[in-house]
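Note sheet for the following structure.
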Amino acid sequence: MAADDLVELAKRRGFFFGSNGAYGGTAGFYTFGPQGAALKRNVEDAWRDRFTIREGNREIEAPTIMPEAVFEASGHLDGFNDMLVECPECGASHRADHLVEDATGIEDAEALPGEEVEALIADNDLACPSCGTPLAGAPVENFNLMFATDIGPGDAQPGYLRPETAQGIFVEFPRLKEYARGSLPFGITQIGPAYRNEISPRGGLLRLREFTQAELEQFVDPEEDEPPLDRVEDVEVRLYPATEQAADDGEYLHTTIGEAVDDGVIGSPWVGYYLGVAQEWYERVGVDMDRFRFRQHLAGERAHYAADCWDAESEVGGDWIEIAGFAYRGDYDLSKHDEYGDDAFTIFKRYDEPKTVERATVDPDMSVLGPEFGGDAGAVAEALATLAERDPDAFDAETVTVEVGEGDAAETHEVDADVANFAVEEVTETGEHITPHVVEPSFGVGRTVQTLLAHAYREDEVDGEERTYLSLVPEIAPQDAAVFPLVTNDDRLTALADEVAADLRAAGLAVAYDDSGSIGRRYRRQDEIGTPFCVTVDRDGIERDGPDTVTVRERDSAAQVRVPVDDLAGELAALRAGESFDALVDRYETVATDVETN
RNA sequence: GCACCGUUGGUCCAGUGGUAGGACAUUAGCUUCCCAAGCUAAUAGCCCGGGUUCAAUUCCCGGACGGUGCACCA
């Protein structure tokens, strides 16, 4: 299938299209049309069902705009920059930090200030890799991929549109842990938009400036919590480990989740668990598993927070695209927010048995320290406390020496041991504060939608006529069913069709009604948007003895069965929930048609 | 952000220095008892700005958007 065909279908049938066309269009922004929005919502619902509800997790909805301080802590303000230098001759843009790293062996040049990188470029006589023109004197510009905005009027507070939904979960951890009653493990999910001011958006839904993420932040005790690996240990996966990617003749590793974790191919059991869950979920929503793999990130590819990371990738139009990432983020995020934020981003972990420990304490007599050391008194008291923890034996002597201040301002003070009021106390500790680790399955919803459309796209022949259809699974298809009167010149048929459509909608099914054009044309319209079942009201169904019946036609095979109107809503609901059409074929009269698909 | 190519009804295309034509789709009517049938009619378009010209959808410049390559993708 050509990618163009899918784009054309998406536009024509209302799946998705570039936004703001009346104003010239805006690169990096797409609008989901009626079918696309329904499809995307179904994907989100299926994700929620699997990753929130069935895992016993909770979903939240955080703001998309967050204040600057959040991103100072998260590292996005500094780390989410690209340092670009533009060649004055040919105009090509290059990563300034990469040029410097390559030429000087400096590591992590990204962390250096722009002026310093400019100086390094000049000092090392670096030239444009494209055309060879010297780059000395060319300005190094920071391009931050976050959208900046102002919060409030006047001396506004700087804010940013979140570059990932995850931060909205992390920053609320102190409260979220309360809802989890302070115990690990627990998981918080969020589905919503994230924003990245991409330099060059490309490839339809694949790289957007506003896109939808479905993320789970699984908070775990790294020392104790283990995933329920037995649930997915037999799930077969196709892995593409980093070692195989590096090898010239690298091959896929076909194995099971259980074995991959046992063998250490997947470093974290938690990551392994979610790879297994994801494999099953992708299969459920209709990804072609022959065009799907899990690829491990190469060392240089990992984000600033990730210890081990796997991507789910699907093949679309001949390319492998990343559709989800599974990262073991360690305690990076919570530690940073603990450091920068006001609240405690820790969990109190109770010991099995309370521990009695000896703790050295001081209770300095400030009425002595004050007069003696003046402004340094506070610092001296603090230094005494630190010393007591580190080296209690120091207090055996008559006087104790502590150092306050740093660098040139450092001063040494002697304090009488008596004044320090040193003591060793027995303290009962019932537990400790630990920083949970985070396992993060992060799904791109738009990319999943794109994958499902590409993998569902089919062309075949019905009755010698070519047709295009989307073989979407019923759970995901934008419409659950369509209802037609076979012909419109019989009021009995149109009236019953109206009634059937209304009844199905009342039963919660998304149903299209179409009485325009020939029956074949109407089938094709529904085929193109992937409607799995078409219900046709015909004269046979109302003129024969017994209850009124209608025909139900299955999209891929064009096979039909005759179903009593009273059973229809129940049967369609069952089909949507996963029952096979064959079950209906067994139970009901089939309708003989001379239609053949191939 | 750079380079090359492109942008014409809803969609896919043809074409022109004197404001455009087809196919499909859509709508209405006729017809019509199960897979894009037929007939009649209707709706609907030259990406935006500037320049050259009596006249620009067409030529020139700039922009936007799209495709491809480079770069980038925390």
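The values are calculated or read from the model by the stated rules, or taken from the named source; none is laboratory data. Being a predicted model, the structure only gives us computed values, none of them experimental. A quick note on method: Cβ atoms are made from the backbone with ideal geometry, for glycine too, and the neighbour counts reach across all protein chains shown. When the accessible area is computed, the model is the full protein with side chains, heavy atoms only, and any ligands, DNA or RNA have been set aside. Shrake-Rupley method; radii C 1.70, N 1.55, O 1.52, S 1.80 Å.
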Original post:
Within the set of pairs 6+ apart or on separate chains, which have a first residue in segment A:308-325 that is more than 10 Å from RNA strand B (Cβ to nearest atom), a second that is assigned to a strand (DSSP E or B) and among the polar types (S, T, N, Q), and C-beta atoms under 9 Å apart?
Top reply: A:ASP308/A:GLN296; A:TRP310/A:GLN296; A:TRP320/A:SER314; A:ILE323/A:SER314; A:ALA324/A:SER442
**OP:** Please tell me if A:PHE395 is open to solvent by 20 Å² or more (accessible area, probe 1.4 Å), of a type in the set (Phe, Trp, Tyr), part of a helix (DSSP H, G or I) and modelled with pLDDT under 80.
**Re:** no
Original post:
Of all residues in segment A:117-170, how many are closer than 30 Å to A:PHE211 by Cα, at pLDDT below 80 and open to solvent by less than 60 Å² (accessible area, probe 1.4 Å)?
Top reply: 3
Original post:
A:ASP342: part of a loop (DSSP other than H, G, I, E, B) and loosely packed, with under 14 Cβ neighbours inside 10 Å, yes or no?
Top reply: yes
Original post:
Which ones in segment A:12-29 are within 24 Å of A:ASP527 (Cα to Cα) and open to solvent by 30 Å² or more (accessible area, probe 1.4 Å)?
Top reply: A:ARG12, A:ARG13, A:PHE17, A:GLY18
**OP:** Quick one: count up the residues across segment A:527-548 that are within 21 Å of A:SER580 (Cβ to Cβ) and either among the acidic types (Asp, Glu) or more than 9 Å from RNA strand B (Cβ to nearest atom) (or both).
**Re:** 5
Original post:
What number goes with the only condition from (1) modelled with pLDDT of 90 or more; (2) in a helix (DSSP H, G or I) that A:ILE188 does not pass?
Top reply: (2)
**OP:** Might you let me know whether segment A:190-200 holds any residue that is without any contact (Cβ under 8 Å) to a residue 24 or more places away in the chain and within 16 Å of RNA strand B (Cβ to nearest atom)?
**Re:** yes
Subject >> Spans of helices (runs of 4 or more DSSP H) in segment A:1-99 with at least 1 residues outside the structural domain of A:TYR274 (by TED's automatic domain parsing), at pLDDT 90 or above and within 16 Å of RNA strand B (Cβ to nearest atom) >> reply: A:68-74
Subject >> Test set (1) open to solvent by 30 Å² or more (accessible area, probe 1.4 Å); (2) at pLDDT below 95 - A:PHE173 fails condition number >> reply: (1)
Subject >> Residues of segment A:450-464 satisfying the condition of being among the aliphatic types (A, V, I, L, M) and modelled with pLDDT of 90 or more >> reply: A:LEU452, A:LEU453, A:ALA454, A:ALA456
Original post:
Just checking, how many residues over segment A:207-232 are open to solvent by less than 40 Å² (accessible area, probe 1.4 Å), outside any loop (DSSP other than H, G, I, E, B) and touching a residue at least 60 places away in the same chain (Cβ under 8 Å)?
Top reply: 9
Original post:
What number of residues within segment A:509-525 are more than 9 Å from RNA strand B (Cβ to nearest atom) and either open to solvent by less than 50 Å² (accessible area, probe 1.4 Å) or β-branched (Val, Ile, Thr) (or both)?
Top reply: 4
**OP:** Mind counting the residues in segment A:296-331 that are at pLDDT below 90 and hydroxyl-bearing (Ser, Thr, Tyr)?
**Re:** 1
Original post:
If you check A:ASP567 against the conditions, is it part of a helix (DSSP H, G or I) and closer than 30 Å to A:GLU283 by Cβ?
Top reply: yes
Subject >> Given (1) in a helix (DSSP H, G or I); (2) surrounded by fewer than 19 Cβ atoms within 10 Å (Cβ to Cβ), number of the condition A:ALA497 does not satisfy >> reply: (2)
Original post:
Out of all the residues in segment A:531-553, which are in contact with a strand residue (DSSP E or B) (Cβ under 6 Å, 6 or more places away or on another chain) and either at pLDDT below 95 or not in a loop (DSSP other than H, G, I, E, B) (or both)?
Top reply: A:PHE533, A:CYS534, A:VAL535, A:THR536, A:VAL537, A:GLY541, A:PRO547, A:THR549, A:VAL550, A:THR551, A:VAL552, A:ARG553
